[in-house]
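Student: Dumping the structure here so I can ask a few things about it.
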Amino acid sequence: MFGLTSAARADLSKVTVTTGAGDKVVVKHGLFGRKTTIVKDRFGDGFASSKGILGTKNTEVNVLGNRVHSHKGILGTSETSGQTILGDSFQSHKGLLGRDTNINLSGVNSLLNRYLSPKSTDGSSQLPKLAPDFKSMPAPNNQSDLNRPAVNPAQTTTGSPGN
């Protein structure tokens, strides 16, 4: 008599599917229309979504170390945040009085500083060497190769198959 209504009782369920490779799908139906869906692969990449009562909604996506999280609350508030594999991050919060956004690009900045700085602390160059160092190459052994004139293609004769 004081228990749950038949509609709320029918909504309580949880389904989990797991593969031998480590992939996983979870779908939960909770009280009062709350629903959670989680999909993950063996590498940790995945998607998670949950919807609650009064219109609240959470969504999270993880792919190769990059993450985005979104939350929608009641009365029009929302929050979105993310982080890259390099360490960059952003966060945006929208409340009743406006939006506040923070962006941190320290990961890209440190990567650029590492490869574009001319000298490191020990005096060696951080840039990769793309061309060989000709000063350290040994001199040619045969001096006759250096004195040989270049071949002019117009002066060369080629035999034709009929001759």
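What follows draws every value from the coordinates through simple rules; no lab data is involved. Since we're looking at a predicted model, the values are computed, not measured. All Cβ positions, glycine included, derive from the backbone under ideal geometry; neighbour counts span all protein chains shown.
Student: Compute the Cα gyration tensor for segment 8-54, then decide on rounded, prolate or oblate, letting a ≥ b ≥ c be the square roots of its eigenvalues: rounded whenever a/c is under 1.5, prolate when a/b is larger than b/c in the other cases, and oblate in all that remain.
Tutor: In terms of gyration-tensor shape, oblate.
Student: Work out the charge dipole of segment 8-54 with +1 on the Cβ of Lys and Arg and -1 on the Cβ of Asp and Glu about the Cα centre, then indicate which of 44, 31, 19 is farthest towards its positive end.
Tutor: So the residue furthest toward the plus end is 31.
Student: Specify whether the C-alpha gyration tensor of segment 65-116 places it in the rounded, prolate or oblate class, a ≥ b ≥ c being the square roots of the eigenvalues: rounded for a/c under 1.5, otherwise prolate if a/b is larger than b/c and oblate if not.
Tutor: oblate
Student: Please state the relative contact order of segment 8-54 as a whole percent: Cα pairs under 8 Å, 6+ residues apart?
Tutor: 30
Student: I would also like to ask the following. Structure shown: which of 14/51; 24/51; 14/40; 24/94 lie over 23 Å apart, alpha-carbon to alpha-carbon?
Tutor: 24/94
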